[in-house]
Amino acid sequence: MDEALLLNHTSSVTHFHLRGLSVDQKVQVSVFAIFLLFYILTLIGNILIVITIIYDHRLHTPMYFFLSNLSLIDVCHSTVTVPKMLVDTWSEEKLISFGGCVTQMFFLHLFACTEIFLLTVMAYDRYVAICKPLQYMTVMNWKVCVLLAVALWSGGTIHSIALTSLTIKLPYCGPDEIDNFFCDVPQVIKLACTDTHIIEILIVSNSGLISVVCFVVLVVSYAVILVSLRQQLSGGRRKALSTCAAHLTVVTLFLGHCIFIYSRPATSLPEDKVVSVFFTAVTPLLNPIIYTLRNEDMKNALNKLMGKKEKKEEK
C-alpha cells in the first residue's frame, strides 16, 4: 500500500513553477534586457576565444587547449539556464515540466562539476609550467592533456548522474514552486513528500566536498606557484603572475558559489538568487574578459585574427 502511494505521489507532479527573480513586470523587463545582453556577450566572447585558439598555431599549447574547453563549458553552462529564464520573463506561470527540470539539473551539474575539475587541471598545468619548466612538455604532452580532458568530462558526467538519480527517485506530490529561476537539486528536493535528510547529507558530501577539496587544492597550488615565482626574473614573473591572477579570479567566482550553495543543508537564503545569477550568467561572461584582458598572447592572437579579417574585407 505504501509503495502504491509513493508511486502516485511521484507521478502527481508533472510541472514545477519557477518563481523567477521578480514578480514586478517592470523589473522583469529590465532583467530580460540585462540577461539577454549578458548571454549574447557570453556566446560571442567564448566562441571567439575558441576560434582564436584554433586559428592561431602559437596557441596550440596545453594551457590554451584547456582554456578552449573552459570557453566551451561556459557556453553550454549558460545555455542550460539563461534562455529558459529569458522566455519565462514574459510568462506569468513560469512552468517547467518534470522531465525538463530533471534535464536542466543534469546538464547544470555536468558542466559545473566538469568546470571545477577543469580549473583544478589548469592550476596543475600552471604549476608544472612555472615550477618545472624544463619538464613541462614531457609532463604535459598531448596524450596526457587528452586523457585529462576525458577524465574531467567523465568525472562531471558521473557526478551529475549520481545527483540526478538521487533527486528523481524521491516522491513529489506538492508543493510545486521552486524559489529560483532554474531547477537545482537543493531547491527541488525540498519539494519532496518525504524526509530528505539523508539525501541532503549525500549532496553535501558529494557536491560540497568536491568544491571544498578542489578549492583547497587550487589555493595550495597557487601558493606554491607564488613562492616559486620569487626565484624568477621580473619579466617572466610578471607574465606568470598575470596568468595566475586570472585563474584565481575565475576560481574564486565559480567555486565561491558552489561552496555557498552545496556545503549546507537545502535551506533557502535571500542571497541564493544573487549568487545563482553570478553562477549562471555573470561568471561565464567574465571568463573571456578575464583571460583576454590579462593575457598578452590572447590579445595578440585576437588582434592578428581581426587584422586578417579586415584585410580580407578590404580585398
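The values are calculated or read from the model by the stated rules, or taken from the named source; none is laboratory data. Values in this document were obtained by computation on a predicted structure and should not be read as measured data. Cβ: placed from backbone, ideal geometry, glycine included. Neighbour counts: every protein chain shown. With ligands, DNA and RNA removed, areas are computed over all heavy atoms of the protein, side chains included. Shrake-Rupley method; radii C 1.70, N 1.55, O 1.52, S 1.80 Å.
Order 204-211, 85-92 from most to least packed using the mean count of other Cβ atoms within 10 Å.
204-211, 85-92
What length, rounded to one decimal in nm, is gained on full extension from V275 through to Q25, with 0.36 nm per residue of separation minus their alpha-carbon distance? Write out the running numbers ahead of the final one.
Numbers: separation 250, 0.36 × 250 = 90.00 nm, distance 2.20 nm.
Length gained, V275 through Q25: 87.8 nm.
Taken about its Cα centre, the chain carries a charge dipole of about 1800 debye when Lys and Arg each add +1 at the Cβ and Asp and Glu each add -1 at the Cβ. Sorted from longest to shortest, the spans of the Cα atoms of segment 112-222 along the three principal axes equal 61, 26, 25 Å. Angle of helix 283-293 to the longest C-alpha principal axis of the chain, folded into 0 to 90 degrees and rounded to 10: 10°. When a 1.4 Å probe is rolled over the protein heavy atoms, the share of accessible surface on the chain that falls to carbon and sulfur comes to 68 percent. With pairing defined as another cysteine C-beta under 4.7 Å, the cysteines of the chain that fail it are C76, C113, C131, C145, C214, C244, C258. Per residue, the chain exposes 49 Å² of solvent-accessible protein surface, assessed with a 1.4 angstrom probe and all protein chains in place. One chain, two ends: I47 and V139. Fully extended at 0.36 nm per residue, the span grows by 30.3 nm beyond their Cα-Cα distance. Taken along its principal axes, the alpha carbon cloud of the chain reaches lengths of 71, 46, 32 Å, longest axis first. Think of it as helices only: each DSSP H run of n ≥ 4 in the chain is worth -39500 (n - 2.57), and spread over all residues that comes to -25000 deg cm²/dmol at 222 nm.
Between the Cα long axis of helix 98-131 and the first principal axis of the chain there is an angle of about 20°, rounded to the nearest 10.
Helix 142-168 and the long axis of the chain differ in direction by around 10°, with both axes built from C-alpha atoms.
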